[in-house]
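The values are calculated or read from the model by the stated rules, or taken from the named source; none is laboratory data. What you see is a predicted model; the values in this text were computed from it and never measured. Glycine also receives a Cβ, built like all others from the backbone with ideal geometry; neighbour counts cover every protein chain displayed.
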Amino acid sequence: MRYIFNFPDIGEGLDEGTIAEWYVEKGQQVSSGDALVKMETDKVVTDIPSPKTGTIVAIYGKVGETIHVGNPLVEIEIEGVEGEAAQEEAKTDFTTEPIEEGAGVVGTMEVAGNAAFLPSSTEGAAQSKDEENKPARKSLATPVARAMAKDLGVDINQVTGSGPAGRVIISDIKKFHSSFGQASMEKTIIPDQTELVSYEPLSQIRKAIARNMLESKQQAPHMTVHEEVEVSELVSVRSKYKAIYEEKEVKLSYLPFVVKATALALKKFRTLNSQLDMENERMIFKNYVNMGIAVDTVDGLVVPVIKDADKKSIFELAQEINEISNKAQKRTLKLEDMQDGTFTITNYGSIGGLHANPVINYPQAGILGVGRLVKKPVIKNDNIIIGTVQPLSLAVDHRIIDGGDVTRFLNQLMEYLADPISILMD
Amino acid sequence: MEYDVIIIGSGPAGYVAAIRAGQLGLKTILIEKKQIGGMCLNWGCIPTKSLIESAKFYRRLNQSSKFGIDGIDMKKVSFNWENAKKRANLIVKKLGGGISHLLKKNGVEILIGEACITSQNTVTVNNRNIEGKNMIIATGSYPKPVHKNVPKKILVELDKLFDLDQIPTHVVLTGHGPTVAEMAQFFRFIGKEVTVLLDHQFIIHDADPYLSDYLEKKLIEDQIKIIHTEQVDSYSNGHLIVGEQKVKCDIVINCNYRNGITPPSDIKIDTDDNGFIPTDDNLMTAIEGIYAIGDVNGKSYLAHAASAQGIWVINHLKGIKNSLNLKLYPLNIYTTPEIAQIGMSEAEIKNEGYAYKINEFPLSANGKALTEGLQEGLVRLISETKYGQVLGVQIIAENATDMIAEASAYMQIEGTVYDIAQTIHAHPTVSEIFMEAGFDAVDKAIHK
């Protein structure tokens, strides 16, 4: 039978993607799970695996073309499955289509499971537009150009090669990379101000953010608690290790400490590391801590995830934060980098602002807002001294978490931050 | 217009450009003052390599009994200059015939005579006016004159070497560069007393000092006398006086570094202090439509770089996209052992700010080299450490000038040490040293 594989929702709330590279060509044998195509969306670049074992009989779309979720990507001829068995095979697709855990900005998206099948016939093959769908070839590039493209997050298929036979060489990658940088800058060009208003279409990422924010606010009754914690000791620890980390080429901000402290506190207060499953009338408690970090990029907000944040050292966290924010800026985050978060931290303080009412990354149970460090008069042992104060804003889903738990969680978190050694001692 | 392209000079730049132009259907005329093939074919690359091969053959006879050959009495063996010249001339004739045939086959008109440029698109040759849309100057270069204190009667220019009936005992060579080293060894190998008046800090000024220093030591080992000087004080009683040194000298051969040769012209063609014609990135001179390729533009003094420019400029004229990397071509020195280099020297790599490493592998650990009895030498592989890209390769080996082609290919495609290490090399071959150096760069050489 012939199976049409449609572009599935890859779980990041975007409804279209651009073909970056075909890994298969017409006539090729594929096994279930083999990568078929590299798709690029506004936020991620990801490989789409084949759902079936069989022979590719048609490929839809060329490199650079945009495919909407639910539209066909490839047709696969599945051998030895005919008639009723084929019907059955096709049906099972609806149920076996993988349901991706929520990833991306906020929340779990619906996952498309549109499968269909066509009977095997020459007629079908004739309609597959052979000429227009010639398999895309792996772009010709020198070994070093390939490695450098990967390093710099440049999609080598988009680079025009200037070497013999159009081979992409080192200088092409360098040139593309520097002009790509400029292209990002150009996005901030001031619009035509002679008109009273200007209209611009919504980008994919903005649409996703809008949809997810709305869903979060509609589904989860938010409650936000604001607190302040004096962190002079943390300031001195950080300034001491900053230089040491720099020698290892890792930038040390306060964020790794906040991530670590939050992760440890979550291990103690599991309701904040949970999810409400209304449909089945049950709670889902996560026994691991995957910390989402909201990153501000030119294109919009993205939330890459640090897996097992509670188990990582400050150094490892610092390294990983550097890495994911670089990837976010260059738009080279992979889908797996953004999946399966259990709690989120939004560090708006790095730009400015003291307190906020952050919106929960639904269906997670809470989000911690981290404000700008400020020097303030604080009272210690009945003396007024100059202290360094960290503002915190914690928003939770009030359906799951009561006021008492929020406060207890925050108290624990503040203890960790006020006395960074305690992070080690617990 | 009568012609699409007028090419002045038929050396490896001009004749190759002419063939390419013919292939692309351009109406082409090639003007040559002396002989088709230029310096390279007639008095340079080809005949000198032929002589060097005779000398190497002669010298190796020494080892015949060691190789299991009896009956060669070295006292009875002597070098026959006339026959060696004859052999060289036959090769030159054969190759020259081949070039003329190719030019004709591709519809190139050949005109023997001296061209005088009369305007942006006209030249006169033997009182004939020739008009063309484009003009290419490929007139080459010539060794700078030797010091004025060297009397004319003992001076021989390189292109007059073959006019000599015999070679006297005491030979003095001047200059620097591959030619000096090659010719010094040649005369030494055929039994002459050889002195080099070296006018540069390095005998090969554009090689990695590692190679240049090696070569200078090698020449001294071969009992060639090297005097670092640019000055000759006088000549008397069969001796050159150089500072405090008295050098026995029957003949001085001018192997000096070169100056550009500009054709006579009614319009002003700019040249630099050494007679080279400056060109832009498209190899065009300051005059629209007039190009300069090969030695005459001063970008390189090597035949293969000149030919590459010839092909490039014609493709460019025809609008065919092609690339020319004049930083990436081999430098070959046909000494014993041969020396070859491609890419940057260590100092250049350091200057560019690369983190790099050097991996060496000696010929003494190579089976094929041992069977040939030619185990002197090594390969040096210089790569940057981030991607492992090969930035420079230096080879000292009997066949280094052929072996360097492999390095050229890797570097042309911006290859890495991983590519070298993973390329299976046939055994036994001398080229295995390249793979070993690759292994060494990636992790560890197998046979080291």
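Limited to region B:139-150, what total is found for residues that are crowded, with 18+ Cβ neighbours inside 10 Å and touching a Phe, Trp or Tyr at 6+ places or on another chain (Cβ under 8 Å)? Number satisfying all stated conditions: 3. Do you know which residues across region B:279-330 are farther than 23 Å from B:Gln23 by Cα and within 14 Å of another protein chain (Cβ to nearest Cβ)? Result: B:Asp281, B:Lys327, B:Leu328. Just give me the residues in region A:136-153 being more than 14 Å from every other protein chain (Cβ to nearest Cβ) and out of contact with any strand residue (DSSP E or B) (no Cβ under 8 Å at 6 or more places or on another chain), in sequence order. Answer for region A:136-153, where residues must be more than 14 Å from every other protein chain (Cβ to nearest Cβ) and out of contact with any strand residue (DSSP E or B) (no Cβ under 8 Å at 6 or more places or on another chain): A:Arg137, A:Gly153. For region B:104-111, indicate whether the set of residues that are assigned to a helix (DSSP H, G or I) and over 27 Å from B:Ala181 (Cα atoms) is non-empty. Yes, region B:104-111 has at least one match.
Within region B:366-399, the residues that satisfy the criterion of being assigned to a strand (DSSP E or B) and within 14 Å of chain A (Cβ to nearest Cβ) are B:Ser383, B:Glu384, B:Gln389, B:Val390, B:Leu391. When region B:432-448 is limited to residues that are part of a loop (DSSP other than H, G, I, E, B) and farther than 21 Å from B:Lys386 by Cα, the one that is nearest to the other protein chains (Cβ to nearest Cβ) turns out to be B:Ile446. Only strands (runs of 3 or more DSSP E) whose full extent lies in region B:186-266 are considered here, and the ones with at least 1 residues that are in contact (Cβ under 8 Å) with a residue 24 or more places away in the chain and more than 30 Å from B:Gly113 (Cα to Cα) are B:193-198, B:225-228, B:234-236, B:239-242, B:245-248, B:251-255. Checking B:Asp250, B:Asp281 one by one, the residue that is surrounded by fewer than 20 Cβ atoms within 10 Å (Cβ to Cβ), of a type in the set (Asp, Glu) and closer than 30 Å to B:Ala306 by Cβ is B:Asp281 and no other. Count of region B:53-86 residues, restricted to those that are touching a Ser or Thr at 6+ places or on another chain (Cβ under 8 Å) and closer than 19 Å to B:Lys160 by Cβ, is 1. Flag not set for B:Asp402, criterion: modelled with pLDDT under 95, acidic (Asp, Glu) and surrounded by fewer than 19 Cβ atoms within 10 Å (Cβ to Cβ). Considering A:Pro221, A:Pro191, A:Pro201, the condition of being modelled with pLDDT of 85 or more and more than 14 Å from chain B (Cβ to nearest Cβ) is satisfied by A:Pro221 alone. Scanning region B:412-431 for residues that are under 24 Å from the mean Cα position of the chain (by Cα), touching a residue at least 40 places away in the same chain (Cβ under 8 Å) and more than 10 Å from chain A (Cβ to nearest Cβ) returns a single hit, B:Val430.
Take B:Asn121 and decide whether it is buried (at least 19 other Cβ atoms within 10 Å of the Cβ), over 18 Å from B:Thr48 (Cβ atoms), at pLDDT below 95 and not charged (D, E, K, R). Here the answer is yes, as B:Asn121 does meet what is asked. Taking the conditions exactly as written (among the β-branched types (Val, Ile, Thr), more than 14 Å from chain A (Cβ to nearest Cβ) and within 20 Å of B:Glu406 (Cα to Cα)), does B:Ile333 satisfy them or not? Judged against the criteria, B:Ile333 is a match.
Please work out which residue is surrounded by the fewest Cβ atoms within 10 Å (Cβ to Cβ), limiting yourself to region A:363-381 and to residues that are among the aliphatic types (A, V, I, L, M) and over 18 Å from A:Val289 (Cβ atoms). Residue satisfying both the conditions and the ranking: A:Ile379.
Here is a yes/no grid of residues against (1) buried (at least 18 other Cβ atoms within 10 Å of the Cβ); (2) charged (D, E, K, R); (3) more than 21 Å from B:Arg87 (Cβ to Cβ):
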| residue | (1), (2), (3) |
| --- | --- |
| B:Lys152 | no, yes, yes |
| B:Glu157 | no, yes, yes |
| B:Lys160 | no, yes, no |
| B:Gln166 | no, no, no |
| B:Val171 | yes, no, no |
| B:Thr174 | yes, no, yes |
| B:Gly177 | yes, no, yes |
| B:Glu182 | yes, yes, no |
| B:Phe186 | yes, no, no |
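Looking only at region B:7-60, residues that are assigned to a loop (DSSP other than H, G, I, E, B) and of a type in the set (A, V, I, L, M) come to 4 in all. The residue that is nearest to A:Val302 (Cα to Cα), counting only those in region A:18-65 that are of a type in the set (Val, Ile, Thr) and assigned to a loop (DSSP other than H, G, I, E, B), is A:Val44. For A:Gln329, the test of being within 30 Å of A:His177 (Cβ to Cβ), in a helix (DSSP H, G or I) and in contact (Cβ under 8 Å) with a residue 24 or more places away in the chain is passed.
Would you confirm, using the coordinates I've provided, whether B:Ile31 is over 30 Å from B:Leu374 (Cα atoms), aliphatic (A, V, I, L, M) and more than 23 Å from the chain's Cα centre (by Cα)? Considered against the rule, which asks whether it is over 30 Å from B:Leu374 (Cα atoms), aliphatic (A, V, I, L, M) and more than 23 Å from the chain's Cα centre (by Cα), B:Ile31 comes out as yes. Take the conditions facing chain B (nearest Cβ under 10 Å) and either modelled with pLDDT of 65 or more or under 30 Å from A:Thr55 (Cβ atoms) (or both) and apply them to A:Gly166. Does it pass? Yes, satisfied.
Across region A:340-358, which residue is farthest from A:Val37 (Cα to Cα) among those that are buried (at least 21 other Cβ atoms within 10 Å of the Cβ) and of a type outside the set (Phe, Trp, Tyr)? By that ranking, first place goes to A:Gly349. What do you reckon, is B:Gly98 at pLDDT 95 or above, among the small types (Gly, Ala, Ser) and on the phi < 0 side of the Ramachandran plot? So B:Gly98 passes the test. Whenever a residue of region B:346-363 is polar (S, T, N, Q), its partners that are surrounded by 11 or more Cβ atoms within 10 Å (Cβ to Cβ), lying with C-beta atoms within less than 6 angstrom and at least six residues away or across chains, give the pairs B:Asn359/B:Leu381; B:Asn359/B:Ala437; B:Asn359/B:Asp440; B:Asn359/B:Ala441.
Entry remark, region B:377-406: residues being of a type outside the set (A, V, I, L, M) and in contact with an Asp or Glu (Cβ under 8 Å, 6 or more places away or on another chain) number 8 in total. Picking from residues in region A:32-69 that are without any contact (Cβ under 8 Å) to a residue 40 or more places away in the chain and within 18 Å of A:Gly153 (Cβ to Cβ), the one that is surrounded by the most Cβ atoms within 10 Å (Cβ to Cβ) is A:Met39.
Name the residue that is farthest from the other protein chains (Cβ to nearest Cβ), counting only residues in region A:154-163 that are assigned to a loop (DSSP other than H, G, I, E, B) and buried (at least 18 other Cβ atoms within 10 Å of the Cβ). Of everything passing the filter in region A:154-163, A:Asp155 is farthest from the other protein chains (Cβ to nearest Cβ). Checking A:Asp15, A:Asp9 one by one, the residue that is in contact with a His (Cβ under 8 Å, 6 or more places away or on another chain) and not β-branched (Val, Ile, Thr) is A:Asp15 and no other.
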